[in-house]
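These notes are about the structure you will find just below.
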């Protein structure tokens, strides 16, 4: 009798593969990445075995993505690690369905082993907290991120506003060369910047320019918080896109070369007319 190493080898135990461990984690450096880590062990009678690993990930909206990987020429009793990276765009629970099958005939479609896992992204679980600078003045309280380098090129800025029920603010503004106004019941503002986030401010504008309190910065510190989130969020929510409009000379370089072209044409026409007149014989009437 040929010993069977797992529940579902091929009919004569030629090949057999098992998931010996499966772990789902979130990449701490990029919160939108799900890392599916597994160890695969080969058993069987054939000296070498190749297996196809199929990973189906269903997101919280029931959309399914499929990843296919191949482990080639594994030796008997060999265990290999495999990491699969899946891009997450939504908060909520993901279902991960793993299966292993031969990559070719004669046992194509045979399932050696399978494993089902779930992974839950909690609210705000795809966003990184950013350090905030608070500036207090008579007219407004301004919030900025401490380091613009902490927001990566593929990320947007999420400002979360949490004002108390009773407050003295007239409106909320986002400032970066131009000013965009929001009512005080706004709780979320998503900002996508073309040239970085160094000069972006979220302001709480006071009613009637009320005076600040002695410990204002500590009291108002948590009214606005900044988070970095994948800029894919702008497909599902309204993001304001800000540009650096402090330099108002964007159209002047276009006008200057145009003038250079026109001026030489006028000069050349005048010079040609001059030499043309010089070449004509002067009439007697002209001499008089």
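The values are calculated or read from the model by the stated rules, or taken from the named source; none is laboratory data. All values derive from a computational prediction rather than experimental measurement. Note: ideal-geometry Cβ built from the backbone for every residue, glycine included; neighbour counts use all protein chains shown.
Of the residues making up the range 35-56, those that are touching a residue at least 40 places away in the same chain (Cβ under 8 Å) and either closer than 18 Å to residue 99 by Cβ or buried (at least 20 other Cβ atoms within 10 Å of the Cβ) (or both) are 36, 37, 38, 39, 40, 50, 51, 52, 53, 54, 55, 56. Criterion first (in contact with a helix residue (DSSP H, G or I) (Cβ under 8 Å, 6 or more places away or on another chain) and at pLDDT below 95) does residue 168 satisfy it? So residue 168 passes the test.
Rundown of residues vs (1) under 30 Å from residue 20 (Cα atoms); (2) outside the structural domain of residue 198 (by TED's automatic domain parsing); (3) not in a loop (DSSP other than H, G, I, E, B), yes/no style:
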{"position": "97", "(1), (2), (3)": "yes, yes, yes"}
{"position": "100", "(1), (2), (3)": "yes, yes, yes"}
{"position": "104", "(1), (2), (3)": "yes, yes, no"}
{"position": "110", "(1), (2), (3)": "yes, yes, no"}
{"position": "115", "(1), (2), (3)": "yes, yes, yes"}
{"position": "135", "(1), (2), (3)": "no, no, yes"}
{"position": "138", "(1), (2), (3)": "no, no, no"}
{"position": "144", "(1), (2), (3)": "no, no, yes"}
{"position": "152", "(1), (2), (3)": "no, no, no"}
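Any chance the range 29-41 includes a residue that's under 45 Å from the mean Cα position of the chain (by Cα), under 12 Å from residue 112 (Cβ atoms) and at pLDDT 95 or above? Break it down into steps so the answer makes sense when it comes.
First, the residues of the range 29-41 that are under 45 Å from the mean Cα position of the chain (by Cα): 29-41.
Now narrow it down to the ones that are under 12 Å from residue 112 (Cβ atoms): 40-41.
Applying the additional criterion that residues be at pLDDT 95 or above yields 40-41.
The answer is yes; a qualifying residue exists.
From the list 205, 174, exactly one residue is outside any loop (DSSP other than H, G, I, E, B), more than 23 Å from residue 149 (Cα to Cα) and modelled with pLDDT of 80 or more. Which is it? Step by step, each of 205, 174 is checked, and only 205 is outside any loop (DSSP other than H, G, I, E, B), more than 23 Å from residue 149 (Cα to Cα) and modelled with pLDDT of 80 or more.
Considering only residues that are modelled with pLDDT under 95 and either over 30 Å from residue 226 (Cβ atoms) or in contact with a helix residue (DSSP H, G or I) (Cβ under 7 Å, 6 or more places away or on another chain) (or both), which ones fall in the range 78-101? Scanning the range 78-101 gives a single hit, 89.
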